[in-house]
1. What's the number of the only condition in (1) touching a helix residue (DSSP H, G or I) at 6+ places or on another chain (Cβ under 8 Å); (2) surrounded by 17 or more Cβ atoms within 10 Å (Cβ to Cβ) that R99 fails to meet?
2. Just wondering, is there one or more residues in region 75-85 that are surrounded by 21 or more Cβ atoms within 10 Å (Cβ to Cβ) and over 24 Å from G42 (Cα atoms)?
3. Quick check on my filter: what residues within region 10-56 are surrounded by fewer than 17 Cβ atoms within 10 Å (Cβ to Cβ), assigned to a loop (DSSP other than H, G, I, E, B) and touching a residue at least 40 places away in the same chain (Cβ under 8 Å)?
4. Suppose we filter region 85-107 for residues that are in a helix (DSSP H, G or I) and small (G, A, S); how many remain?
5. Return the total of residues in region 108-122 being open to solvent by 60 Å² or more (accessible area, probe 1.4 Å) and not in a strand (DSSP E or B).
Amino acid sequence: QVQLVESGGGLVQAGDSLRLSCTASGRAVYDYFLGWFRQIPGKEHEYVASVSLLLSPDYADFAKGRFTVSRDNAKNVVYLQMNTLKPDDTAVYYCAAGRKGPRLNSVDVDYWGQGTQVTVSS
């Protein structure tokens, strides 16, 4: 069992930056790819990025160049640094853990966090 707790969401203006954090706890956290999805009402989860212990981070195309995912293995925390935010980035962001990677697929995610709202105003 793995527990994921996100923090760091909020309301920002277009062009601002925001960093999300996700603290993972439980057994064998190191065995999992940790990553981020986002979801807007009425839509499916959209993959953002993921990172593992050994492999390079992986990003969705829209996230490349603006978002950075990183992992502090000593603290079991995964971060999502989001720069140059756009109104289209408005969504609930979910931390996720899965064993299949490096690109997580929502159907293969084993554990989800509760989500944190990110709202970007124009």
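The values are calculated or read from the model by the stated rules, or taken from the named source; none is laboratory data. These numbers come from a predicted model, not from an experiment. Note: ideal-geometry Cβ built from the backbone for every residue, glycine included; neighbour counts use all protein chains shown. When the accessible area is computed, the model is the full protein with side chains, heavy atoms only, and any ligands, DNA or RNA have been set aside. Shrake-Rupley method; radii C 1.70, N 1.55, O 1.52, S 1.80 Å.
1. Evaluating R99 over (1) touching a helix residue (DSSP H, G or I) at 6+ places or on another chain (Cβ under 8 Å); (2) surrounded by 17 or more Cβ atoms within 10 Å (Cβ to Cβ) leaves (2) as the failure.
2. Here is the first cut: in region 75-85, the ones surrounded by 21 or more Cβ atoms within 10 Å (Cβ to Cβ) are 78, 80, 82, 85.
If we keep only those that are over 24 Å from G42 (Cα atoms) too, we end up with 78.
Checking region 75-85: at least one residue is surrounded by 21 or more Cβ atoms within 10 Å (Cβ to Cβ) and over 24 Å from G42 (Cα atoms).
3. Passing the criteria: A14, G15, D16, S17, I40, E44, L55, S56.
4. We begin by selecting, within region 85-107, every residue in a helix (DSSP H, G or I); these are 87-89, 106-107.
The next check asks that each one be small (G, A, S); those that pass are 106.
The number of residues fulfilling the criteria is 1.
5. Filtering region 108-122 down to residues open to solvent by 60 Å² or more (accessible area, probe 1.4 Å) leaves 110, 112, 114, 117, 122.
With not in a strand (DSSP E or B) added as a condition, the list becomes 114, 122.
Counting residues in region 108-122 that are open to solvent by 60 Å² or more (accessible area, probe 1.4 Å) and not in a strand (DSSP E or B) gives 2.
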